[in-house]
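Coordinate-derived values only; no laboratory data. What you are looking at is a predicted structure, and each value in this text was computed from that prediction instead of being measured. Glycine also receives a Cβ, built like all others from the backbone with ideal geometry; neighbour counts cover every protein chain displayed.
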Amino acid sequence: MGKIDEMKTSTRVLMGPGPSEVHPRVLRAMATPLIGHLDPEFLGVMDDIKAMTQETLQTKNPLTFVVSAPGSAGMETCLVNLLEPGDEAVICIHGVFGNRMAEIAERCGAKVIKVEAEWGTPIKIEDVERALKNRSPKVLAIVHAETSTGVLQPLEEISRLTKAAGALFVVDAVTSYCGAELKVDEWGIDALYSGTQKCLSAPPGLSPVTFSQAAIDVLESRKTKVQSWFLDLTLVKNYWAGAKRAYHHTAPVSAMYAMREALRIVLEEGLADRFKRHQRNYELLRDGLENMGIKYLVEEKYRLPMLNAVRIPEGVDDTDVRKRLLEKYNIEIGGGLGPFAGKVWRIGLMGESSDANHVNMLLAALKDVM
Ligand SMILES: *Cc1c(COP(=O)(O)O)cnc(C)c1O
């Protein structure tokens, strides 16, 4: 092996499905010297993160904390803790991430009932009603912001139906968190997971989660042990339990420093203003793309402001355009997943990347490379 030089990467403009750009204050926080994860000062850092996570999720749930792994681990945490072999789980699927939830629920030994919608459209209320009829599943799980299709799924009516069926309402808010309205308590959400690298604009690798009292009751009445030791809430929750904190694993200290600063930035801006900014920059992008004849995949009222799924115009080569955007302009946008590969671009306007200058730059660059 030859000598490996010091790492140097290009400065990219991140406008894909994540990670999003990170504020310099967050990068500086990451460079704070390490302290031990059981140091009383680090306990203060964890308490701050917990309080700000509750505030940004609009919840009072005491069991709100951060899983030391990315969004997919948050997904797995919610499902492995609530499901036991033989339980029924209704899983709503309108894209890649709904499929991933079904896959995990099956691995928990649950009997999965799928409610599906055509990709690019939300799950229909009637289909949820039909699936819940004459059934009392343990959970109903659904993705709020389907990053693979750009659909914002309305949740309140489905929450009501789920409660009426006696099930726990489990929500994937990885992409919506800190970018669009999300009210855990008011919307009756029992278990929710998110990620740090999308609209929170912190580096990837952590997953904020929250559980209602009803979810804790289910957890405490389990007949079997949680199949995953690392994600077992009955163990990990003591690690986040303030002064009583006991060693469970070594928290990713620097990533937590970053998350703490990113949360401070969100609360300084204010949730309402942050959501308005995401909406405003989506509208700017939409108008520019429509002027170029580029069409959205999703009907206007179900569109995500932070993830714009648009159809690649006839005769335009997907990989060639994305390669030139990256090489000539240092701009990253996302390609389509699954059935949308080669047919759809996914343009992310998440957190720090939701910015009018970014939008104008991308529009100009796209015009050039197309
Ligand atoms: C990105 C994403 C995930 C997975 O998060 P990772 O941090 O990539 O593990 C899950 N669900 C949705 C909707 C996402 O957009």
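Under a Cβ-only charge scheme (Lys and Arg +1, Asp and Glu -1), can you give me the dipole magnitude of the chain about the Cα centre, in debye to the nearest 20?
Roughly 340 debye for the chain.
Restricting to Cα pairs below 8 Å that are 6+ residues apart, what does the relative contact order work out to for region 24-266? Please round to a whole percent. Present the calculation step by step, with values, prior to reporting the outcome.
Numbers: 473 pairs, mean separation 66.8, N = 243.
Relative CO of region 24-266 lands at 27 percent.
Translational diffusion coefficient, Stokes-Einstein: compute it for the chain using the Kirkwood radius over C-alpha pairs as Rh, at 10 °C and 1.306 mPa s, and state it as an integer in µm² s⁻¹.
Translational D for this selection: 75 µm²/s.
For a label point 7 Å from the Cα of M370 along Cα→C-beta, name the residues of region 283-302 whose backbone N is under 20 Å from it.
Residues passing the 20 Å test: 283-300.
For a footprinting-style exposure proxy, rank C199, C78, C108 by other Cβ within 10 Å, fewest first. Walk me through the intermediate numbers first.
On the way: C199 34, C78 30, C108 21.
Ordered from fewest to most neighbouring Cβ atoms within 10 Å, C199, C78, C108 come out as C108, C78, C199.
Listing R260, R28 from the residue with the fewest other Cβ atoms within 10 Å to the one with the most, what is the order? Kindly include the intermediate steps, with their values, before the conclusion.
Values: R260 19, R28 12.
Fewest-to-most Cβ neighbours within 10 Å comes out as R28, R260.
How about region 126-191: which chymotrypsin sites (Phe, Trp or Tyr not before Pro) there are in a DSSP loop, with at most 13 other Cβ atoms within 10 Å of their Cβ?
none
Taking the simple approach of a point 7 Å from Cα along Cα-to-Cβ for both A164 and K328, what is their distance in nm?
About 5.5 nm, to one decimal.
Have a look at G270, S136, P40 and report the one farthest towards the positive end of the charge dipole of the chain, computed about the Cα centre with Cβ charges (Lys/Arg +1, Asp/Glu -1).
Among G270, S136, P40, the one farthest towards the positive end of the dipole of the chain is P40.
Between V96 and D47, what is the spin-label point distance in nm, taking each point 7 Å from the Cα along the Cα→C-beta axis?
About 4.0 nm separates the two model spin labels.
Grab the beta carbon distance between K60 and D287, set R0 = 45 Å, and tell me the FRET efficiency rounded to 0.05. If you can, show how the numbers build up before the last one.
Details: r = 40 Å, r/R0 = 0.88.
Result of the calculation: an efficiency of 0.70.
Among T77, M15, V174, whose Cα lies farthest out toward the positive end of the dipole of the chain, if unit charges sit on the beta carbon of Lys, Arg (+1) and Asp, Glu (-1)?
Checking the options against the dipole of the chain, the answer is T77.
Starting with the fewest neighbours, write out C178, C92 ranked by other beta-carbon atoms found within 10 Å of each beta-carbon.
C92, C178
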